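Below is one structure, written out as structure tokens; the observations come after it.
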Amino acid sequence: MTRAYSNRIGLMADSPNFPAAWDQVVEKVKIADELGYDSIWLGESWGYELFTSMADLVRATKRIKIGAGIANIYSRTPALIASTVATLDERSGGRIILGLGPSGANVIEHWHGVPYQKPVRRTREYVEIIRMILRGEKLVYHGEMFNLERGFKLRFTPPRADIPIYIAAMGPKNVVQSGEIADGVLPVYWPGNKWGELREQLDEGARIASRPPHSAMIAPYITSIILSENATEEERASARLAAASPLAYYIGRMGVFYAQMLTRHGYGAEVEVVQEGWKQGMKSALEAVTPELLDATTIIGTPQEIVTKLDQWVAAGVDEPVLSMPSGSPDEAGPKLAALMQSLKA
């Protein structure tokens, strides 16, 4: 079997909420680069600054694409984001992907101190302004959020005027809009039996904008854990508990969007149980994650088991899976990444 998607597998370099030792992150990214993984993605919350870390990876790698996953659309201006990604794209030889998203009210208002207003409209205007700047146009723009009249232009020519822009969209309005304006979407914890619905919403947006169907790629962040071929039941149980941790955290401690999205897709009862668990603490929240919810949103198993599930999800609509970087040291993660790539190419 030839898996075309094996050339489109990305990795999340690190969790922005639980950052690891940065030198080890860089070494693991270098291994992924050498093994042929397509992209590496970095997030941002209230820890390491995103673009500084991306610049480190630009210097440390040769061919892998480096994604901002995501830059929020409140704490930096559209012009600053445009000039930043254009600079990184030049320094990397054209390897940057820009992920944008609204983040959530808690982070935007209580970390950045900016009012969380009109996230869908603001996303559209950011994309439009950033694309104008990357095309080298005079920046004259009249929108609802921004009015820019002096005609400034970027003072260097970026290597690409069409740097891919992906949107962290979950709500129906933002998903449809992403089909109109974006090159891809970065859903998180989207249930594996709902990829078809996501594609329909994206293609509806493409139709509105007179774009061809499938103009926006589906590139989900997938919490994944690679197990050895001889993993014991105890190791599998430990892996499932580890995968439940970020899922429970996103449901109960990262605003309302993830809980609302899962509820819309039929997992309302499971979400309520996790939210009730948080009232007793993190341990209870983890224990409240049901096997059904975990299986619907994560991939845990041996390399072959992971590939089997990826085959199913790609057939259902996923274009560019973005998997978790294996935990542990580079010496521990490297063999797991190699084994997964071998299974993908088998």
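The values are calculated or read from the model by the stated rules, or taken from the named source; none is laboratory data. Owing to the predicted nature of the structure, the values given are computational and were not obtained by experimental measurement. Counting neighbours? That spans all protein chains shown, and the Cβs are built from the backbone with ideal geometry, glycine included. Side chains included, ligands, DNA and RNA excluded: accessible areas come from the protein's heavy atoms. Shrake-Rupley method; radii C 1.70, N 1.55, O 1.52, S 1.80 Å.
Some points to look at:
- When the test is whether a residue is assigned to a loop (DSSP other than H, G, I, E, B) and in contact (Cβ under 8 Å) with a residue 60 or more places away in the chain, Gly99 does not pass it.
- Top-ranked residue in segment 113-162 [being β-branched (Val, Ile, Thr) and in a loop (DSSP other than H, G, I, E, B); ranked as nearest to Ala86 (Cα to Cα)]: Thr157
- Scanning segment 45-76 for residues that are under 11 Å from the mean Cα position of the chain (by Cα) and either of a type outside the set (A, V, I, L, M) or within 22 Å of Ala338 (Cα to Cα) (or both) turns up Gly67, Gly69.
- Whenever a residue of segment 189-217 is closer than 16 Å to Tyr267 by Cα and touching a residue at least 12 places away in the same chain (Cβ under 8 Å), its partners that are surrounded by fewer than 19 Cβ atoms within 10 Å (Cβ to Cβ) and among the polar types (S, T, N, Q), lying with C-beta atoms within less than 8 angstrom and at least six residues away or across chains, give the pairs Gly192/Gln312.
- Filter pass, Glu90 being open to solvent by 20 Å² or more (accessible area, probe 1.4 Å), at pLDDT 95 or above, within 30 Å of Glu34 (Cα to Cα) and part of a helix (DSSP H, G or I): yes
- Some residue of segment 123-131 being open to solvent by less than 10 Å² (accessible area, probe 1.4 Å), out of contact with any Leu (no Cβ under 9 Å at 6 or more places or on another chain) and without any contact (Cβ under 8 Å) to a residue 40 or more places away in the chain: no
- Positions within segment 170-185 being more than 13 Å from Tyr258 (Cβ to Cβ), of a type in the set (A, V, I, L, M, F, W, C) and under 15 Å from the mean Cα position of the chain (by Cα), in sequence order: Val175, Ala182, Val185
- Listing of helices (runs of 4 or more DSSP H) fully contained in segment 194-267 that carry 2 or more residues being open to solvent by less than 10 Å² (accessible area, probe 1.4 Å) and more than 30 Å from Trp46 (Cβ to Cβ): 195-208
- Count - residues of segment 297-346 that are more than 16 Å from Ser6 (Cβ to Cβ), surrounded by fewer than 22 Cβ atoms within 10 Å (Cβ to Cβ), of a type in the set (S, T, N, Q) and in contact with a Gly (Cβ under 8 Å, 6 or more places away or on another chain): 0
- Residue in segment 243-264 that is touching a residue at least 60 places away in the same chain (Cβ under 8 Å), in contact with a Gly (Cβ under 8 Å, 6 or more places away or on another chain) and under 21 Å from Ala316 (Cβ atoms) present: yes
Residue-wise test of (1) assigned to a helix (DSSP H, G or I); (2) more than 22 Å from Asn147 (Cβ to Cβ).
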site: Ala55; (1), (2): yes, yes
site: Val58; (1), (2): yes, yes
site: Gly69; (1), (2): no, yes
site: Ser75; (1), (2): no, no
site: Ile81; (1), (2): yes, no
site: Ala86; (1), (2): yes, yes
site: Gly94; (1), (2): no, yes
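- Criterion violated by Gln177 - all others in (1) touching a residue at least 24 places away in the same chain (Cβ under 8 Å); (2) outside any helix (DSSP H, G or I) satisfied: (2)
- Candidates in segment 24-58 are the residues that are under 23 Å from Asp331 (Cβ atoms) and either acidic (Asp, Glu) or without any contact (Cβ under 8 Å) to a residue 24 or more places away in the chain (or both); of these, the one that is least open to solvent (accessible area, probe 1.4 Å) is Asp33.
- Options Ser39, Ser75, Ser103, Ser83; residue that is farther than 25 Å from Arg160 by Cα and out of contact with any Cys (no Cβ under 6 Å at 6 or more places or on another chain): Ser103
- Leading residue by the ranking (most open to solvent (accessible area, probe 1.4 Å)) among those in segment 102-112 that are closer than 17 Å to Met170 by Cβ and either basic (Lys, Arg) or assigned to a helix (DSSP H, G or I) (or both): Asn106
- Within segment 273-326, the set of residues being over 19 Å from the mean Cα position of the chain (by Cα), in contact (Cβ under 8 Å) with a residue 40 or more places away in the chain and not in a helix (DSSP H, G or I) comprises Ala288, Val289, Gly301, Thr302.
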